[in-house]
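Throughout, read-outs are computed from the coordinates displayed, never taken from laboratory work. Please read these numbers as outputs of a predicted model, since none were measured by experiment. Here the Cβ is made from the backbone with ideal geometry for all residues, glycine too, and neighbour counts use every protein chain on show.
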Amino acid sequence: ATGRKMDELEPNADGCTQFDPNPFKKEKCKHCGRLWNEHKGVISEALLQGYLKAKEKAVEDKEKKEAEAKQQAAAKKAASKRASQTPEDDWFCDGPKDEANKVIDDESDDDMGFRMFSAEELRAAPMDKPASSEPFKPLKVVNLIDFGECDVYEEAPPDNFGSGSTAPGSSSSTAPGRPPPEAPSFSRGLSRGVLGDDMPGLPDTPLAASGTSAPSSGPTAQAHQDLLEEIQHLRQMLADANEEKSIQVAIIRDEVSEKQAFIEELTRHRADAEAALRDARCQVEALTAPSAAAREEEQQADARGLGGEAC
């Protein structure tokens, strides 16, 4: 063993004759500064055994830490899988319940186990079965379609519904035993005004006030309904146009008010400027008046002096 340990050493490249540990770094020599394993044949047996034991201990500690880390990782993995399991699936897993906390060092995802169950075992398994609270009831089908309303009678085209005549190609205008439906008389009301706000023509028809059509079939009712919808659409367009016009008028009024206020402010500034100009003129005139009087007196004095000399 001593020979094998000596084989791990290497000869010193600097030719150091004796390994003496550095007091601050025990693994290095204080003479050459190289490690202890580079002093083959010049290191004492006691120091060599101490360094080898320390190295083995470091390796063992490292392996122990790695094993503990693997064990903790496996334990966390098993705990996460147990947490993701529902209580109803506990009976489905292999192994007794007392081995649930056993750590299995396996990297595969198939550690939940697989078993084959028979029909008796499945029937005896504690599975939730839906309890039938009510006895069996026969299925009741309710027909929501009135096939009587599906009978559409052949009538004249919409442009001929007022004359009461049928189309030339139609075999029968009405069903046997039923009178043809009468066309609503709304032409007289519409002739007075269609686009008016009060809609004076609509009260002549019983459908204009409510906005709905009477229960009838065929193109007549559809044409009447389309006409009412068009009237409502035109009324809405008229209301929208009036609203838009009122908004535009309000905007123009606001602009006019702003411009009027600006004009009044300019007029006030002009009046203030004119008043300041008048005051300045008055001050200038007041300052220039004494000098003009003094000049006149000086001229008069000069004139009197010249007259005395002439005498």
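Brief remarks on what is shown
- Mean Cα-pair separation over length for the range 13-55, i.e. relative contact order, pairs under 8 Å, 6 or more apart, %: 33 percent
- Extension gain from Thr267 to Gln18, taking 0.36 nm per residue of separation minus the Cα-Cα distance: 78.3 nm
- Proxy reagent accessibility, fewest Cβ within 10 Å first, across Thr288, Thr220, Thr86: Thr86, Thr288, Thr220
- Measuring against 30 Å, Cα to Cα, the residue pairs Lys30/Lys65; Lys25/Lys64; Lys26/Lys76 contain Lys30/Lys65; Lys26/Lys76 as the ones spanning a longer distance.
- Separation of alpha-carbon centers, the range 1-79 and the range 237-311, rounded to whole Å: 108 Å
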